[in-house]
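Below: one structure, written as structure tokens.
The values are calculated or read from the model by the stated rules, or taken from the named source; none is laboratory data. Owing to the predicted nature of the structure, the values given are computational and were not obtained by experimental measurement. Don't worry about glycine lacking a Cβ; one is built from the backbone with ideal geometry, like all the others, and counts go over all protein chains shown.
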Amino acid sequence: MTQQEKMTELKGTSPRGVFKYPHLTAPDYGTKEHPIEGGAYNTRLVVSAGVAEAFVAKLQPLIDVAMAEADEKFAALKAPARNKLGSVTWNDVAMPVYDSETEEETGDFEFRFKTKASGKTAKGKKWERKLPLFDAKGTPIKNLAAVWGGSEGKASFIARPYFIPATGAAGVSLYLEAAQIIKLIAGRDGASAEDHGFGEEVGYEADNAPFEADVSEGGYEAPEDSDTEENEDF
């Protein structure tokens with residue numbers, strides 16, 4: 001058995017991208033029609049085609065394992081199930097982004113990261129977690145009200161293969177472990193004053209001095225009084 005065949009997971013960090021529909025500070029409980037039991041932290045990360053191709057290349061060893069395992073598990077299904085399903089349905093880890101108006105591909109791709117927010121152990125003990133967040137300097141963030149769509153950052157993840165016998169669906173899941181916020185947007189998708197219906201008036205002017213930071217990931221920094229304790233439940 002080769003080393004590749006022994007691979008069951010792959011831990012890594014995503015490239016920098018734009019967060020889409022992020023639920024990073026509070027769990028996503030889904031909708032009434034499609035509830036998420038226990039809630040989940042999740043986000044989509046949108047990147048350019050070139051960045052997506054390079055990221056997929058790093059995941060490829062695990063993708064190859066997942067494809068091989070899916071074929072084996074599909075072949076092990078009983079004949080009626082195999083005949084009904086026809087073949088394995090492979091779900092690509094990188095999905096094209098479509099323009100909401102033209103419904104055409106934009107050329108960008110998105111990756112989906114998620115993890116449970118709470119649950120129960122095998123012995124029935126309840127547990128819950130907060131998702132660790134870090135600023136551009138790598139400082140832990142505490143008490144951040146929200147991270148809105150349009151913010152930029154990276155995701156720490158563990159990738160694992162999956163196969164669903166009932167549907168024949170297979171792929172690689174990206175389990176979210178933590179997120180780094182490099183560019184923070186704390187309002188509705190970075191809406192401008194004009195988007196809110198505000199024009200230019202004479203009066204108060206904000207003193208928006210340029211932000212400067214001597215860091216590898218220049219951008220959002222948590223306030224200095226942020227709590228740096230690690231979350232033991234994660």
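Odds and ends about this structure:
- Every pair of residues 6+ apart whose Cβ atoms lie under 7 Å, when the first sits in the stretch 53-81 and is under 17 Å from residue 164 (Cα atoms) and at pLDDT 95 or above while the second is of a type in the set (D, E, K, R) and surrounded by fewer than 19 Cβ atoms within 10 Å (Cβ to Cβ): 65/5; 74/82
- Residues of the stretch 72-100 satisfying the condition of being assigned to a helix (DSSP H, G or I) and surrounded by 14 or more Cβ atoms within 10 Å (Cβ to Cβ): 73, 74, 82, 85
- Checked against the criterion of being on the phi > 0 side of the Ramachandran plot, surrounded by fewer than 18 Cβ atoms within 10 Å (Cβ to Cβ) and not in a helix (DSSP H, G or I), the stretch 28-49 has at least one qualifying residue.
- Test: residue in the stretch 145-168 that is surrounded by fewer than 16 Cβ atoms within 10 Å (Cβ to Cβ), within 30 Å of residue 72 (Cβ to Cβ) and either at pLDDT below 95 or within 13 Å of the chain's Cα centre (by Cα) (or both): yes
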